[in-house]
Amino acid sequence: MPSLRTALALTMTAAAAVLAPATAAVAATQAPAAPAAAPDALPASAVTSALGPAVAPVRNLTLDPLSNTGVDPLDNGVGSQVADFEPVSTTTLTDPVTHGGSLGTLPVTGPATGLLTG
């Protein structure tokens, strides 16, 4: 008794044998298409008006999907204090990202993406 796989293989082979000569005949009778004319340049206003809505969702995405969780690998910091000077730590730089920051809330990229979205 033939299996389903064998039956499907024979059906596909028969269909290809019937359709291959027909598609070759149609392709030989059609004239080649004329090359399309080059599109005009897009107006600058169309590009700039489309840029704002395209960038806006990306501005609000959190950069660290594990932020505010107990397993966030970026929630580490190194600090040091020398004598009576104020202590210096890396957590002041990583806090915006590790506490759910997005591009719009970061110190440098926030104002820059604000210029893009208008």
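With the highest mean first, a sort of the peptides 93-106, 55-68 on other beta-carbon atoms found within 10 angstrom per residue produces 93-106, 55-68.
Computed from backbone phi with θ = phi - 60° and the Karplus coefficients 6.51, -1.76 and 1.60, the 3J(HN,Hα) list for region 84-97 is 9, 6, 5, x, 10, 9, 7, 5, 5, 7, 8, 4, x, 7 Hz; x is used for glycine and proline. One chain, two ends: Thr62 and Val88. Fully extended at 0.36 nm per residue, the span grows by 6.7 nm beyond their Cα-Cα distance. Each residue of region 73-79 is assigned a 3J(HN,Hα), and the resulting list reads x, 8, 8, 10, x, 10, x Hz, derived from the Karplus form 6.51 cos²θ - 1.76 cosθ + 1.60 (θ = phi - 60°), x at Gly and Pro. Sequentially through region 105-110, phi angles give Karplus couplings (6.51, -1.76, 1.60; θ = phi - 60°) of 9, 6, x, 8, 6, x Hz, Gly and Pro residues having no value and appearing as x. When Lys and Arg each count +1 and Asp and Glu each count -1, what net charge do the other residues less than 14 Å away from His99, Cβ to Cβ, add up to? My count for the surroundings of His99 gives -4.
Here, each number is a calculation from the coordinates, and none is a lab measurement. Remember, predicted model here, so these are calculated numbers, not experimental data. Glycine gets a Cβ as well: all are built from the backbone with ideal geometry, and neighbour counts include every protein chain shown.
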